[in-house]
1. Sort the following peptides by mean Cβ neighbour count (other Cβ atoms within 10 Å, averaged over residues), highest first: B:96-105, A:57-66.
2. Explain nothing, just the number: relative contact order of chain B, from Cα pairs under 8 Å at least 6 residues apart, as a whole percent.
3. Shielding of B:90-101 by partners, i.e. mean partner chain Cβ atoms within 10 Å per residue?
4. Taking the beta-carbon count within 10 Å as an exposure proxy, list B:T88, B:T72, B:T5, A:T119 from fewest neighbours to most.
5. Give the order of B:E69, B:E20, A:E118 when sorted by the count of other beta carbons within 10 angstrom, beginning with the fewest.
6. Quick check: pseudo-label points 7 Å beyond the Cα along Cα→Cβ at B:S91 and A:L55, how many nm apart are they?
Amino acid sequence: MGYVLRSLEILGLREDLSADTPRTGLAGLANEDYVHGVNSAAEILLFLIGVSLGLFVLISLLVMLPGRSAQRRVESGPVWLGGPDRSERGVSTSGLVLADRVAHWADIPEHDWMAAAETAEPGRRVGGASAGW
Amino acid sequence: MRGLTAAQADDVRQAMHAAERRSGLRFGVFLGEPVGARRHFAERLHAALGEEAGDAVVIFVDVTGRALEIVTGDQARRRLPDSACRLTAMSMATAFSVGDLIGGLLYGIAALAEQATARR
């Protein structure tokens, strides 16, 4: 029971300490101002809320700023998906959400489908169709 | 031609992956202007896929020339006859004619995969 009361006193939830008992804070022995200034439960709560908000803002900035400064331009010229070795071109890699962005360690094939097509010989048994509009 | 936005590319990519999973064929999409004759260029793009060309379906869209080509490899052709390709190409051209490039592509990829899956 004494231990519980002592804990409450340390946290500042119980103020009726006996006069001869040294007042201590979380950091150990402390003067009167320190005990009343820091060990108030409301102030500790405010401190934790402040730290949480600060971390939230910091993490938000870390996530959003690289996305804003990332390459947003859309290249001109031919566009393809599913080229040789699954290469892609002319596709914006920046997106509105994290999941759209290509991880920096991802290996993006750099094959030039047009250059490969210049030297490729069409097969004889290919099929398909044509249409215009 | 202007490139695709991340959202548009993601839609096309997902459609291609779904089509490949369903049909077992390999899909490629090329948007741009041809070098030389349009059909020949599309066939060379298809041949440039190398060993995968046999199972590959290449959709080539010449937005400036307002035309599209579908090229199928020799193995893909068994499951995707030219008549089916022609029908799909006409539907895609209809979508393109009203300015719906991505919608036409998504429809075309799904329709080709559907036809190929039915003959699997």
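1. Values: B:96-105: 16.3, A:57-66: 10.2.
Order by mean packing, descending: B:96-105, A:57-66.
2. Numbers: 163 pairs, mean separation 32.7, N = 120.
Computed value for chain B: 27 percent relative contact order.
3. Details: counts 4, 1, 3, 4, 2, 1, 3, 2, 1, 0, 0, 0.
Mean number of neighbouring Cβ atoms from other chains: 2.
4. Numbers: B:T88 25, B:T72 29, B:T5 18, A:T119 9.
The order, fewest Cβ neighbours first, is A:T119, B:T5, B:T88, B:T72.
5. On the way: B:E69 25, B:E20 17, A:E118 12.
Least crowded to most crowded, the residues run A:E118, B:E20, B:E69.
6. Once both label points are built, they end up 5.3 nm from each other.
Every number here is computed from the coordinates shown, using simple stated rules; none is lab data. Everything numeric in this text was worked out from a predicted model, so none of it was measured. With ideal geometry, Cβ positions are generated from the backbone for all residues, glycine too; neighbour counts draw on all protein chains shown.
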